[in-house]
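Quick note: the coordinates plus some simple rules give every number you see, no bench work behind them. Everything quoted here is computed from the prediction, not taken from an experiment. All Cβ positions, glycine included, derive from the backbone under ideal geometry; neighbour counts span all protein chains shown.
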Amino acid sequence: MKKILVTGGLGYIGSHTVVELQNEGFEVVIIDNLSNSSIEVLDGITAIPNNQPLFIQDDLKNKNSIQDLFKKHPDIVGVIHFAASKAVGESVKKPLEYYHNNIASLIYLLEELEANNVRNFIFSSSCTVYGDADSMPITENTPYKPADSPYGNTKQMGEEILKFTTNATQIEAISLRYFNPIGAHVTAEIGELPIGVPQNLVPFITQTAAGIRDQLSVFGSDYKTHDGTAIRDYIHVVDLAKAHVVALQRLLRQGNKSNYEIFNIGTGKGNSVLDVIKAFEKVANQKLNYKLVARRPGDVTEYCADTSLANLELGWKAKMTLEEALDSAWKWQQKLIAKN
Ligand code: NAD
Ligand code: UD1
């Protein structure tokens, strides 16, 4: 069994990817400092049949910890790097904390990959690197716009670090630029665990439907879209997790066409906020209490991925529908309520 290190593996996307990796026969070591996750996620992962990852609670900002980890696990053949701080608004208030966590951790990891002759690296990037793109759908060649936040800037910087590092070392990397991940595992054993008031749309919807929040505010109804609300490319987190497995397999079989590759990971289909609300009302069979309010500063009209490169090169395509994603998110929310 090939051993893979998953950083941030108890987080939202990491935990779903750990499960898909193990389903495909990989052995998984997770490192997570629990700064934005809970140890209970490990119980959720292990409750899914055939899932027994090794968990190390530690911080990637400690270079010594990463050194020790590679000493203890010299058979690691690849790293999927999810660990990062990800709250856009918080990053504006605490830029140095974000640069430190997201950039220092990446550099320390890459140094240890180089020192230990590990070749394969997958990086969590984001559609946020494109900023307010001039045309839709967005291809991988769409140029970056200046970042709106330190968070977005750390993703741009991370990609640049990888571009130059893969040129000069044995490391080969793939950056996956995620569009908007939503939903939960079909077993409802793992899902998204927002801390405090959710900033993202789908957890806010499910918490409103569950009565935890009074009302959803729909930010902006005067966008130039079919119904005036903003459009995003919402992708089921399990489809996204599977993209990591195929990207890793591409590196392991040396099927990559250059030392550093980038792929958009979305569905290729845009949905407005009102489309999402309507789909949710259908799957949950209830009306959602919402109101139209002013735009949220910093939001763009539309993000929608052109996924042809990932379809062609990775042989990967998002399979699950918006309704399936919302249904899984709703089941996860109900499970959380039942537990607490
Ligand atoms: P998450 O916060 O749920 O998971 C990140 C995990 O990393 C958490 O468990 C956290 O405890 C851990 N972590 C953070 N800093 C660490 C450190 N220094 N040492 C060890 N562990 C650390 O986030 P997520 O939604 O699963 O996102 C995973 C990655 O994908 C992040 O890099 C994020 O920027 C990127 N991304 C996320 C989204 C999204 O919508 N969720 C979109 C695009 C890109
Ligand atoms: C945000 C982040 C982005 C990150 C993504 C996924 C910002 C500026 N961007 O994207 O970097 O990759 O999350 O985690 O924060 N909405 C409402 N009401 C709400 C919440 C959201 O109407 O209560 C709307 C938003 O205005 C937007 C859409 O729903 O049009 C999606 O919002 P959200 O889930 O926060 O994702 P993004 O803003 O696209």
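Between 150, 95, 49, which gets the highest mean-square fluctuation from a Gaussian network model of the chain, Cα cutoff 10 Å?
Looking only at 150, 95, 49, the biggest GNM fluctuation is shown by 49.
Please list, in order along the stretch 212-228, the HN-Hα scalar couplings obtained from phi with the Karplus expression 6.51 cos²θ - 1.76 cosθ + 1.60 (θ = phi - 60°), rounded to whole Hz, x for Gly and Pro.
Listing the rounded values in order: 6, 10, 6, 7, 8, 8, 8, 7, x, 10, 10, 6, 7, 9, 4, 10, x Hz.
Taking H placed 1.01 Å from N in the peptide plane, check which residues at least 5 places from residue 261 or on another chain put their amide H under 5 Å from its amide H.
Placed amide hydrogens put 173, 174, 175 under 5 Å from residue 261.
Can you give the net charge of the other residues whose Cβ lies under 12 Å from the Cβ of residue 284, counting K and R as +1 and D and E as -1? Don't skip to the answer; put the middle values down first.
Details: positive: 278, 282, 287, 331; negative: 281, 323, 327.
Its environment carries a net charge of +1.
What's the angle, to the nearest 10 degrees (0 to 90), between helix 237-252's Cα axis and the longest principal axis of the chain?
20
Just to confirm my numbers, what's the Cα centroid distance between the stretch 270-340 and the stretch 75-114 in Å?
27
Which cross-chain or sequence-distant (5 or more) residues have an amide H under 5 Å from the amide H of residue 231, H modelled 1.01 Å from N in plane?
Distant-sequence amide H within range of residue 231: 302, 303.
Amide H of residue 55 versus every other amide H placed in the peptide plane: which residues, excluding those fewer than 5 positions away on the same chain, fall under 5 Å?
30
Could you list, in their original order, any pairs among 63/94; 61/319; 282/335; 2/257; 224/269 whose Cα atoms are separated by more than 25 Å? Present the calculation step by step, with values, prior to reporting the outcome.
Working: 63/94 22 Å; 61/319 36 Å; 282/335 19 Å; 2/257 22 Å; 224/269 17 Å.
Cα-Cα > 25 Å for 61/319; rest within.
Can you give the Kirkwood hydrodynamic radius of the chain from its Cα pairs, in Å with one decimal? If you can, show how the numbers build up before the last one.
On the way: mean 1/r = 0.0492 Å⁻¹.
Roughly 20.3 Å, rounded to one decimal.
For the stretch 47-180, with equal point scatterers placed on the C-alpha atoms only and solvent neglected, what are the log10 I(q)/I(0) values from the Debye formula at q = 0.15 1/Å, to two decimals?
For the stretch 47-180 at q = 0.15 Å⁻¹, log10 I(q)/I(0) is -0.80.
What's the whole-number percent of alpha carbon pairs in the stretch 206-336 lying beyond 17 angstrom?
65
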